[in-house]
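**Q** I'd like to ask you about the structure that follows.
We did not get these values from a lab; they are worked out from the coordinates using the rules stated. As the structure is a computational prediction, the values presented were derived from the model and not from experiment. Cβ sites come from the backbone with ideal geometry, for glycine too, and all protein chains shown count toward neighbours.
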Amino acid sequence: MNIALWVIQGILATMFCISGIMILTQPKEKLAAKMPFVNDYSDPMVKLVAFAHIFGAIGLILPLLLNIIPILTPIAASGLALVMLLAIGYNKKRGDNKGVIVDVVILTLYLLIAVGRFKGL
């Protein structure tokens, strides 16, 4: 189970770190084609989402890997699960059923990480 959790953590951390960096470095107009949520929120809110992705991704890996306050890893997974809950609400409001399904899968993976890592501490 530990190896499976590490694989899931690595994949999700990579995905969220890349998306956070992309949100921070690209203009809003260019992002809108891939991430339509940027049109519905202010620039500071979009940057907050980017930082949540980046710091959440770091929190998924480093605390447990370096054994420095390892409780932060399941807390990061829980925080990113909250981000996904908000994304589900947003996509439901927009009528994006495909987005909701993807978000539910990612939410489930974050919850799996949180539960698995809380149990392992």
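**Q** How many residues are under 13 Å from H53 (Cβ atoms) and surrounded by fewer than 14 Cβ atoms within 10 Å (Cβ to Cβ) if we restrict to the stretch 18-38?
**A** Residues meeting the conditions: 2.
**Q** Turning to a different aspect of this structure: Across the stretch 56-80, what is the total count of residues that are out of contact with any Cys (no Cβ under 7 Å at 6 or more places or on another chain), in contact (Cβ under 8 Å) with a residue 12 or more places away in the chain and not in a loop (DSSP other than H, G, I, E, B)?
**A** Adding up the residues that qualify gives 16.
**Q** Ok, one more. Of the residues L72, L80, L107, only one is touching a His at 6+ places or on another chain (Cβ under 9 Å) and either closer than 21 Å to K28 by Cα or not aromatic (F, W, Y) (or both); which?
**A** Within the list L72, L80, L107, the selection yields L80.
**Q** Pairs only if they're at least six apart or on different chains, beta carbon under 7 angstrom, first in the stretch 20-38 and without any contact (Cβ under 8 Å) to a residue 60 or more places away in the chain and small (G, A, S), second in a helix (DSSP H, G or I) and surrounded by 14 or more Cβ atoms within 10 Å (Cβ to Cβ); list them, first residue then second.
**A** Listed by first residue and then by second, the contacts come to G20/A50; G20/H53; G20/I54; G20/A57; A32/V38.
**Q** Then there's this: Is it fair to say I106 is of a type in the set (A, V, I, L, M), in contact (Cβ under 8 Å) with a residue 40 or more places away in the chain and either crowded, with 18+ Cβ neighbours inside 10 Å or part of a helix (DSSP H, G or I) (or both)?
**A** So I106 passes the test.
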